[in-house]
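The structure under discussion appears below in the form of structure tokens.
Laboratory data are not the source of any read-out in this text; all were calculated from the coordinates shown. Being a predicted model, the structure only gives us computed values, none of them experimental. Note: ideal-geometry Cβ built from the backbone for every residue, glycine included; neighbour counts use all protein chains shown.
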Amino acid sequence: MLGIQKILDIFKVDENEVELNRERFSALVKQIPLMYGILLVNMITLVYPHVGSAPDYLTIYIPAVLSIIFIMRAVGYLRTTLTEVSDQEIVKKLSGTIRLSVVLSFVFILWSFELFYYSNDLMLVHIIFFLYITLFACVFCLLHIIQSAIYLTFIIIVPSFLYLMAQEHIVFKAMAINSLLVSTGIIFLLTNHYKNFTGLVRQKSMLVEQRKKLNQFNVENIRLANMDMLTSLPNRRNFFAQLNALTKSYEGHPNKRLVVGLLDLDGFKRINDIFGHPTGDDLLIKTSERLASVLGEDITLARLGGDEFGIIITKDKDLKNVMAIGEQLCEAMRADFRLRDGTMQIAATVGFVEFPTMADNPQQLFERADYALCYSKQHSKGKPVIFSTEHETIIREVAIIEQQLHEADLDKELSIVFQPIVDIQNQKVMGFEALARWNNPTLGNVRPDLFIRSAEQMGTISKFTVILLRKALKLACEWPTDLYMSFNLSTYDLASPETILNLVSIIEKSDFPSKNIVFEVTETAVMHDMERAIEALRLLKLQGAQVALDDFGTGYSSLSYVQRMPLDRLKIDRSFINEIDTDNDTKNIVRSIIDLCNNLNLYCIIEGVETESQLNVLAEIGGRYVQGYYFSRPMPPADAMKFLTSSLNENPKKALPEKWSAL
């Protein structure tokens, strides 16, 4: 039974072979009309000699019915459009063709046998010739439907073979044997052809499937190449691709606008360094989710790298509310984050720029958005800033400054001013902070914050540091030996071993006592590369110098940093002093920092003292070492010497209250 079932299965149309069935049907559509044309011609040539000698139903009616069937089937296939036929319909049509080929085979063989009774020997040969020539024509037309070809051959050849072998004439027997051998050979050839055909179709299907998978992989690769793997947001590449496409499409349309924003997290590096990268990654994921929820689907949000995010705003309703959107983002980022290591707080700063009014190409948009971001960090951290003509003016000024810095004779143009640091308990000057000044022949006196920032961006700040330290130490050699000098180091100085070695060399060659040198560094400068900064500071301390942490309280103030750094002094930032005489909370904060310094055996210097009321509060809470405009603005070296030689009590404005003498 199993063997018979396998034989029967050969003649079924497999619904799962979708591509094979479609290719078979495609070949059938082209060949069936030709096959029916051959059948029609052969049938007419067969019938014509029998008209008059055979009954009408054999020579007229049956041929007429078959002719109608042939024509209708041929026309139907000629009108068939392959793309409009479904896979299920193709299976039905192939199965119908197989069944019809069986029916027509029986009709032809029976019809031919009926004609045998009305034929002489010559006409009998004609009928046999008709059967065989028609069979071979049909077999080759149906070669892609192997079932039909085999059925057709079997039904025609077997009965005709038996009939011819039963005839007495040797010619008929020879014809029977010849037809059997030829048909067997043809079936063998057809079977091999069909195997090759199915193999090619399946190979083509595999290639199509592989191409489809390859296209899917390409699409996925493109998607991954344009997606940030951590946050699933568009990445830097995707961001600039969108920005390039948008600005290009807006060219020639002055009424079309867009806004580019850059958002940077304030405090992320501190969390990343203290709690590790897994916690930092968790924070970035939650940050992206929070930002996306604020911006919605109409605004593009991308992660550009690290803790920096890019924003593209194109909708009119959003363009009118850019500042409000920025404030919403900053406000949302101030809310607590619940991470794996607990609840944490950070903030965010945003810079915006509008296209095309403030920038007309993608590179300029990014640079000016970045400038607005940096400007906000320096002047209004945690708030949004939109790039304006004021910022453009500053950029032009900075460009001029950078050009002059390239051409400047720094040894000649750089100078030092000094601001005193006073011990209010002993009513004496303890030392001076050395501050840089630049007088350029073209620009005149340039603000220190401008030329120092420009030098940092140009990578020449270390050259400034070396020149200024040499000049400062030379001037300080004229002071009394008990005074110290504070000197500021930048992030770039601490990160450059070459610069540190140059400073060491200058200290060794100077006559000023190295124990009286205090190098001031900010928390931000140290955090840029903590390990290298600590190594640099320790090398300076080996020369006998001291280290002070400047602007304490404005950066990422952490006791772990204070503990790890080789510190001798802390300088409380001036922002705490502005309201110390009116704000009790500020007063308590400063008191706590002073107590901290006392407990850690660190000198505590308080910057930014400008009024007597501020001085009174500081004396009350234990402050001792003070620096600020109340005593003096930064002075040229000659004025600093005069300040030393004059007594503080000789100047009524600077006189210290009598009660301090008991402190």
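Structure notes:
- With q set to 0.15 Å⁻¹, the log10 of I(q)/I(0) for region 324-385, from the Debye formula over equal scatterers at the Cα positions, is -0.53.
- Normalised size of region 332-423, defined as Cα radius of gyration per 2.2 N^0.38 Å with N residues, equals 1.59.
- Region 251-350: GluC sites (Glu not before Pro) falling in loop per DSSP and having at most 13 other Cβ within 10 Å: 251, 297
- The residues 458, 333, when put in order of fewest to most other Cβ atoms within 10 Å, stand as 458, 333.
- Cβ distances below 4.7 Å define possible disulfide partners, and in the chain the cysteines left without one are 138, 141, 330, 374, 477.
- Each DSSP beta bridge with both residues in region 236-387 is either parallel or antiparallel, and the antiparallel ones are about 90%.
- Selection among 280, 109, 590 by position relative to the dipole of the chain gives 109 as farthest towards the positive end (Cβ unit charges, Cα centre).
- When region 414-662 is described by a simple charge dipole with +1 on each Lys and Arg Cβ and -1 on each Asp and Glu Cβ, the residue from 455, 534, 469 located farthest towards its positive end is 469.
- Dipole magnitude of region 403-534 about its Cα centre (Cβ charges: Lys, Arg +1; Asp, Glu -1), debye to nearest 20: 260
- Residues 246, 162, arranged from fewest to most other Cβ atoms within 10 angstrom of their Cβ, appear as 162, 246.
- 3J(HN,Hα) along region 137-150, derived from phi through the Karplus expression 6.51 cos²θ - 1.76 cosθ + 1.60 where θ = phi - 60°, amounts to 5, 5, 4, 6, 6, 9, 5, 7, 10, 4, 4, 4, 4, 5 Hz, with x in place of Gly and Pro.
- Counted charge near residue 416, where neighbours are those whose Cβ lies closer than 13 Å (Asp, Glu -1; Lys, Arg +1): -1
- Under the simplified labelling scheme, the residue 192-residue 596 pair shows an inter-label distance of 9.3 nm, with each label point 7 Å from Cα along Cα→Cβ.
- Size descriptors for region 236-387 (Cα atoms only): Rg and Dmax, in that order, 15.4, 52 Å.
- Take 34-42, 565-573 and order them by the average number of nearby Cβ atoms within 10 Å per residue, most first; the result is 565-573, 34-42.
- Expressed as a fraction of 2.2 N^0.38 Å, the C-alpha radius of gyration for region 10-209 is 1.11.
- Environment charge of residue 369, counting only residues whose C-beta is closer than 14 Å and scoring Lys/Arg +1, Asp/Glu -1: -4
- Scattering from the chain was approximated by placing one identical point on each alpha carbon and applying the Debye formula without solvent; log10 I(q)/I(0) at 0.05, 0.07 1/Å stands at -0.51, -0.65.
- Here is the list for region 75-142: chymotrypsin sites (Phe, Trp or Tyr not before Pro) lying in DSSP coil, each with at most 16 other C-beta atoms within 10 angstrom of its C-beta, are 117, 118.
- By DSSP, the beta bridges lying fully in the chain are antiparallel in about 60 percent of cases.
- The chain, dipole about Cα centre (Lys/Arg Cβ +1, Asp/Glu Cβ -1), debye to the nearest 20: 2120
- Exceedance of the 23 Å cut-off in Cα-Cα distance is limited, within the set 412/463; 286/317; 428/541; 471/509, to 286/317; 428/541.
- Rounded to the nearest 20 debye, dipole of region 236-387 from Cβ charges on Lys, Arg, Asp, Glu: 80
- Restricting the GluC sites (Glu not before Pro) of region 575-623 to loop positions (DSSP other than H, G, I, E, B) with no more than 16 neighbouring Cβ atoms within 10 Å leaves 579, 610.
- Pairs beyond 23 Å (Cα-Cα), from 212/248; 377/571; 320/383: 212/248
- Convex hull projection area averaged over all views, region 46-140, Cα basis, nm²: 6.8
- Residue-count net charge about residue 217 - beta-carbon cut-off 12 Å; Lys, Arg +1, Asp, Glu -1: +3
- In the chain, taking the dipole from charged Cβ atoms about the Cα centre, the farthest positive-side position among 165, 184, 483 is held by 165.
- Within straight-line cross-link reach of residue 93, lysines at Cα separation under 27 Å, skipping those fewer than 8 residues along the same chain: 6, 12, 30, 195, 204
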